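Structure first, commentary second.
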Amino acid sequence: MNNALFTAEVSVSSDAVDLLPNLGLDVKQSMAAIAGSTGSSRCIQMFVELDADHVFPRHSDGRARGAELLAKDIALLDSMTTDRGVLLPEGLERTVRAGLRVAVAAGEAETGAADAAVIGR
């Protein structure tokens, strides 16, 4: 659940980063202000701490951090919900899948069939 929530934060934070310039706001300044306020999340804090250009931080060699781990953990959550006949709430489901797409697009995970199924479920 921890990584499901983090993945949702990646999605929402990415949307905010995309929107801020269209509102005439500086992304770095706005995210720093948000990081110190009620809209903060670990995703936003990492963006600010790393002086990143993307909400899904990259290693120094250019690879994104942890996309494969997130995909693995979301697959585990999918398995748990399926085994118990439980559905993720619609908003969480949609936001988590969007966050995985952001993470994978950041460059790390080479998605195989299993990852693609998790992302697009």
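Can you spot a residue in region 82-104 that is of a type in the set (S, T, N, Q), in a helix (DSSP H, G or I) and surrounded by fewer than 16 Cβ atoms within 10 Å (Cβ to Cβ)?
yes
Cβ-Cβ distance below 7 Å, separation of 6 or more or different chains: which pairs start in region 10-30 with a residue that is surrounded by fewer than 20 Cβ atoms within 10 Å (Cβ to Cβ) and end on one that is of a type in the set (S, T, N, Q)?
Close Cβ pairs satisfying both conditions: 12/95; 20/30.
Can residue 61 be described as surrounded by fewer than 13 Cβ atoms within 10 Å (Cβ to Cβ), at pLDDT below 95 and farther than 13 Å from residue 3 by Cα?
Taking the combined requirement at face value, the residue satisfies it.
Cβ contacts < 9 Å: first residue within 10 Å of residue 7 (Cβ to Cβ) and among the hydrophobic types (A, V, I, L, M, F, W, C), restricted to region 98-113; second residue assigned to a loop (DSSP other than H, G, I, E, B) and modelled with pLDDT of 50 or more, any location; separation 6+ or different chain. Result?
102/54; 102/55; 102/56; 103/56; 103/65; 103/66
The values are calculated or read from the model by the stated rules, or taken from the named source; none is laboratory data. Here the structure is a predicted model, which is why all the values come from computation and not from measurement. Every residue, glycine as well, gets a Cβ built from its backbone with ideal geometry; the counts of neighbours run over all protein chains shown.
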